[in-house]
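The values are calculated or read from the model by the stated rules, or taken from the named source; none is laboratory data. Quantities reported herein were computed from a predicted structural model and do not represent experimental measurements. With ideal geometry, Cβ positions are generated from the backbone for all residues, glycine too; neighbour counts draw on all protein chains shown. We work out accessible area using only protein heavy atoms, side chains counted, and drop any ligands, DNA or RNA first. Shrake-Rupley method; radii C 1.70, N 1.55, O 1.52, S 1.80 Å.
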Amino acid sequence: MLLYVLRRFASAVPTLFVIVTIAFFMLRLAPGGPFDLERPIDPLIIENLKRAFNMDKPLPQQYMLYLWNLLHGDLGPSFTRRDFTVNDLFRFGLPVSIQIGGTAIALALVFGTFLGSLAALRQNSWVDYSVVGVATFGITIPPFVVAPILSLIFGVYLGWLPAGGWGAPGSMVLPVATLALPQMAIVARLTRGATIEVLRSNHIRTARAYGLPSWVVLYVHTLRASILPVVSYLGPTAAALMTGSVVVETIFGIPGIGRYFVQGALGRDYTLVMGTVVVIAVFVVVFNLIVDILYAYLDPRVRYD
Amino acid sequence: MADIDNSILSVRKLDVKFHTDDGQVHAVKGIDLDVRAGETVAIVGESGSGKSQTMMAIMGLLASNGRVSGTARYRDTELIGLPERRLNTIRGAKITMIFQEPMTSLDPLYKIGRQMAEPLMYHKGMSARAARPRVMELLKLVGIPDPERRINSYPHELSGGQRQRVMIAMALANDPDILIADEPTTALDVTIQAQILALLAELQQKLGMAIVFITHDLTIVRRFADRIYVMRRGEVVEDGVTEELFVDPQHDYTKMLLAAEPTGTKAPPPPSAPVLLQGTDVRVSFKIGGGFLSGPPMLLQAVDRISVALKKGQTIGIVGESGSGKSTLGRALLRLLPSEGRIRFENLDLSKADREEMRPLRKELQLVFQDPFGSLSPRMTVGQVITEGLLVHEPSLSTKERDRRAIEALKEVGLDAASRNRYPHEFSGGQRQRVAIARAMILKPKVVVLDEPTSALDRSVQKQIVELLRKLQADHDLSYLFISHDLTVVRAMADYIIVMKQGKIVEEGQTADIFDNPRHSYTQTLMAAAVDTTKFRLAG
């Protein structure tokens, strides 16, 4: 197993390399640059700026330079936020994003599997129909609708929670809820489908034929199998959520890293965009690995060595 | 029916109905049944006779759309309508059950030791640790080799026969009064089948529980059962003491079941018959594993240097247990799988033919599969299914002419012309297999590979299909490669037999020679097992 993990990490290196390379050159292909402002600047200043950011060198050399710095953990200075390096920006923003995204994923997992298995056990009853109905609702309503509504109700009208901002007690609740609701809905649907299938399988019939109490049939024999599709779904999703959400961060005014991707791309902040790409790629690789390990633990038929 | 004294399970007027979208299905129609302490009762019937549903109803395991009425008393407890909590004190402790599907009846996610401990944990209040010595003892009792290691195995690490042994061990954990065995050997290879039957008989002698043995195969219970109930379409048509029932069956259906075994033999083709399909040193290997950073793949020799020569009008039976490579060989000979070695059809070298060159030959070389449910497209009418090949091979035919050929092919396999407008799901298993045969025959092939064509069918239907295949062979001078694990059927079909094990031929020869005088030890085991289970035929 250890060998497998090492091998997976080894094979992640070329993947990351390809991602970084493609992103680097695609970014440079886009017209415009970080110093093209609405009001033209003195060409001399631009030249000085370019020299300061190493942009006067030929592109391949810039690429090699970026790779070299990346290997040393240096994501470079931000082009648009002149007082910060990209490392600084992530050092402040990433913990916030991880906190919000991680909590949302945990809540979605706990409540989603609970509601999903409840619906499966009461298949075609009012419980089932309400879970499926609410889940469909949760999946279809986009966060940019949910977020302002939550903010309006709980922040403005009821005044129970901060309507936005970061740091005040309870300021996490609404953004987490916005992120968690659609994920919870998807998890509930996945769990429901898988549970219904597992409940029909022969080994569940065996468990019942041997007079095992229904909670054993459910928790010991059904849930472990029905959670497998949820686990595979949660890998990439957790990576996406923990690297921040533009919509939620913008609406609630949260200093996470989700907005950097959009802001960086619009401002041609090359290093900032590249930094975001690297962070997201690393998260995806790590979470996929976690999922694979978890999968092997849950299902002994899966072996990687 | 005469009342039976000291019965520990007595079923009266048991009725099972299922509510489905297509209306009500009356699966069990008010049957009576008794089981005495320590005896073996067999419930025999073909698929759909309600034999399994009877026991499912008693155990409270019916699907949620099932409704039961009637009574089923176990000692002093009425089981029908008993609340789940109280039923759980009986099932798994006093009455236990093993199933037809050893591959899927155990939870794949838990070690077998842990699963076997569960009935002890929840009926006797033992901890998993405390149950362990008993689990070990049970594993030894059912003859699992190396129990210290096997107790920590997962189900997928065991063979089908071993899994069934584990199921039996689990059933015995709480010293049950009654063990219900629902087709416990049907999914197993014939040698394993014999072992499991012997094990059950031995355990019963040792432990003295009653056994209810549910099966579709009347012959295998003759030595095993004290009494037999014969079921058809939800009713018990006949019941009685085993020997009496075999010697003097009263009901026509019982007589039919007893006579249902395919009989007769096939004469070999004349020595002058030309060789149609010839494989020389055929090899098929599969790659297992391998990939980026994980080393070279392993090679599995599924077919290892096999030579066959199929003559015109000949039937070669390819016999072997699951995993022996017999189906792979059949497919390789038709060039449906990449293989090494030489394959000739008439005067053509097939091993060099590419897809384009093979296409016209596909008409001559046809294949019929085991699974009549999976091999017919559910969205095409039977007419479309069987004429599909004509569209490819004889595209110039007019619609009318194709239709005429379809009717002709259906009549030839004993189906009504009107059935070409119906869909496969409207047919029974035997009828579907006829459709699959018609699909092959409509192209007027020379060689047909029959891959376990009767294995999924009831005995009486098997016999009809065997007779149909023999008639078609005689009418059209066909050559068959008949792949099967069922020696009774092979004996009736083939004039030459190849016995395969692990990709190699262990023995081959004329059918009569192989059956009367098997030389290789594996063939002997195979024969002994088959004779064990099918030795008895209707007297007279």
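Summary of values
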| read-out | value |
| --- | --- |
| Filter result (open to solvent by less than 30 Å² (accessible area, probe 1.4 Å) and either at pLDDT below 85 or facing chain B (nearest Cβ under 10 Å) (or both)) within region A:221-231 | A:221, A:222, A:225, A:228 |
| Tally of residues being buried (at least 21 other Cβ atoms within 10 Å of the Cβ) and outside any strand (DSSP E or B) across region B:219-244 | 5 |
| Residues located in region B:183-198, provided they are over 13 Å from the mean Cα position of the chain (by Cα) and open to solvent by less than 10 Å² (accessible area, probe 1.4 Å) | B:196 |
| Any hit, region B:253-262, residues being part of a loop (DSSP other than H, G, I, E, B), in contact (Cβ under 8 Å) with a residue 40 or more places away in the chain and farther than 30 Å from residue B:522 by Cβ | yes |
| Candidate set from region B:394-433 (those that are under 19 Å from residue B:377 (Cα atoms) and hydroxyl-bearing (Ser, Thr, Tyr)); member that is least open to solvent (accessible area, probe 1.4 Å) | B:419 |
| Search result, residues across region B:130-149 that are at negative phi and open to solvent by 40 Å² or more (accessible area, probe 1.4 Å) | B:130, B:132, B:133, B:134, B:137, B:140, B:141, B:145, B:148, B:149 |
| Matching option when the condition is of a type in the set (S, T, N, Q) and either buried (at least 18 other Cβ atoms within 10 Å of the Cβ) or not in a helix (DSSP H, G or I) (or both), among A:250, A:271 | A:271 |
| Single residue of B:88, B:152, B:65 found to be buried (at least 19 other Cβ atoms within 10 Å of the Cβ) and either free of Cβ contacts under 8 Å to residues at least 60 places away in the same chain or under 24 Å from residue B:209 (Cβ atoms) (or both) | B:88 |
| Count of region B:339-391 residues which are under 26 Å from residue B:299 (Cβ atoms) and assigned to a loop (DSSP other than H, G, I, E, B) | 3 |
| Hits in region A:36-72 - residues which are touching a residue at least 24 places away in the same chain (Cβ under 8 Å) and in a helix (DSSP H, G or I) | A:59, A:63, A:66, A:67, A:70 |
| Yes/no for residue A:234 being more than 9 Å from every other protein chain (Cβ to nearest Cβ), touching a Ser or Thr at 6+ places or on another chain (Cβ under 9 Å) and assigned to a helix (DSSP H, G or I) | no |
| From the options A:8, A:28, A:39, residue that is of a type in the set (D, E, K, R), open to solvent by 80 Å² or more (accessible area, probe 1.4 Å) and out of contact with any Cys (no Cβ under 7 Å at 6 or more places or on another chain) | A:39 |
| Top-ranked residue in region A:177-215 [being within 12 Å of chain B (Cβ to nearest Cβ) and in contact (Cβ under 8 Å) with a residue 40 or more places away in the chain; ranked as surrounded by the fewest Cβ atoms within 10 Å (Cβ to Cβ)] | A:196 |
| Every residue from region B:49-61 that is within 14 Å of chain A (Cβ to nearest Cβ), assigned to a loop (DSSP other than H, G, I, E, B) and open to solvent by less than 10 Å² (accessible area, probe 1.4 Å) | B:59 |
| Options A:60, A:14: the member that is surrounded by fewer than 11 Cβ atoms within 10 Å (Cβ to Cβ), within 30 Å of residue A:285 (Cα to Cα) and either touching a Leu at 6+ places or on another chain (Cβ under 6 Å) or within 14 Å of chain B (Cβ to nearest Cβ) (or both) | A:14 |
| Options A:119, A:147; residue that is touching an Asp or Glu at 6+ places or on another chain (Cβ under 6 Å) and either part of a helix (DSSP H, G or I) or hydroxyl-bearing (Ser, Thr, Tyr) (or both) | A:119 |
| Filter result for residue A:218 (open to solvent by 20 Å² or more (accessible area, probe 1.4 Å), more than 10 Å from every other protein chain (Cβ to nearest Cβ) and within 25 Å of residue B:174 (Cβ to Cβ)) | yes |
| Residue B:46, sole failed condition from (1) in contact (Cβ under 8 Å) with a residue 40 or more places away in the chain; (2) more than 14 Å from chain A (Cβ to nearest Cβ); (3) out of contact with any Asp or Glu (no Cβ under 8 Å at 6 or more places or on another chain) | (3) |
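Conditions tested, residue by residue: (1) on the phi < 0 side of the Ramachandran plot; (2) more than 7 Å from chain A (Cβ to nearest Cβ); (3) in a helix (DSSP H, G or I); (4) open to solvent by 80 Å² or more (accessible area, probe 1.4 Å).
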| site | (1), (2), (3), (4) |
| --- | --- |
| B:80 | yes, yes, no, no |
| B:93 | yes, no, no, no |
| B:97 | yes, no, no, no |
| B:110 | yes, yes, no, no |
| B:113 | yes, yes, yes, no |
